[in-house]
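Asker: Sharing a structure here in structure tokens format.
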Amino acid sequence: MSPVSVAHAPNAKSRIGAILRATSGNFLEQFDFFLFGFYASAIGNAFFPSGSETASLLNTFGVFWLGALMRPVGAIVLGAYIDQIGRRQGLIITLSIMAIGTIIIAFCPGYATIGVAAP
């Protein structure tokens, strides 16, 4: 075994920075899903009102399921593009897409205002 030379040793500061960036991106993604699940009842009442609260909640979790289903589809579609532009820009694009979805939920009028177009 040969000792690792100082010139080839990875910089600990850059490794920690990379780990923190990747962790923060994953945290934000999971936090977005957590918020959706936490507010599922309120989202169901605003966008999927019906006579049954269970039906509203099931419709809301159907949308939640579609979001989970889109993760691998997004990886396939965006993967090649992100390979070309780089990981940092790819992370920015991915987080921006998620933020746009969250903002649309926050500012979209509910079922009482625009009817069937709300969902």
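The values are calculated or read from the model by the stated rules, or taken from the named source; none is laboratory data. Keep in mind it's a predicted model, so treat the numbers as computed, not measured. With ideal geometry, Cβ positions are generated from the backbone for all residues, glycine too; neighbour counts draw on all protein chains shown. Each accessible area value is taken on the protein alone, full model and side chains, heavy atoms only, with ligands, DNA and RNA left out. Shrake-Rupley method; radii C 1.70, N 1.55, O 1.52, S 1.80 Å.
Asker: Which is farthest toward the positive dipole end of the chain among PHE27, GLY110, ALA40, measuring Cα position about the Cα centre, with Cβ charges +1 (Lys, Arg) and -1 (Asp, Glu)?
Answerer: Of the options given, the answer is PHE27.
Asker: Computed over the Cα atoms of segment 40-117, what is the ratio Rg over Rh, Rh following Kirkwood?
Answerer: Values: Rg = 15.9 Å, Rh = 14.3 Å.
Rg/Rh for segment 40-117 comes to 1.11.
Asker: Would you mind working out the accessible area per residue for segment 40-117, using a 1.4 Å probe, and quoting it in Å²?
Answerer: With all protein chains present, segment 40-117 gives 70 Å² per residue.
Asker: Only helical DSSP H runs with n ≥ 4 go in: add -39500 (n - 2.57) per run for the chain, normalise by residue count and round the 222 nm mean residue ellipticity to 500 deg cm²/dmol. Walk me through the intermediate numbers first.
Answerer: Details: 5 runs with 93 residues, N = 119.
Mean residue ellipticity, 222 nm, calculated: -26500 deg cm²/dmol.
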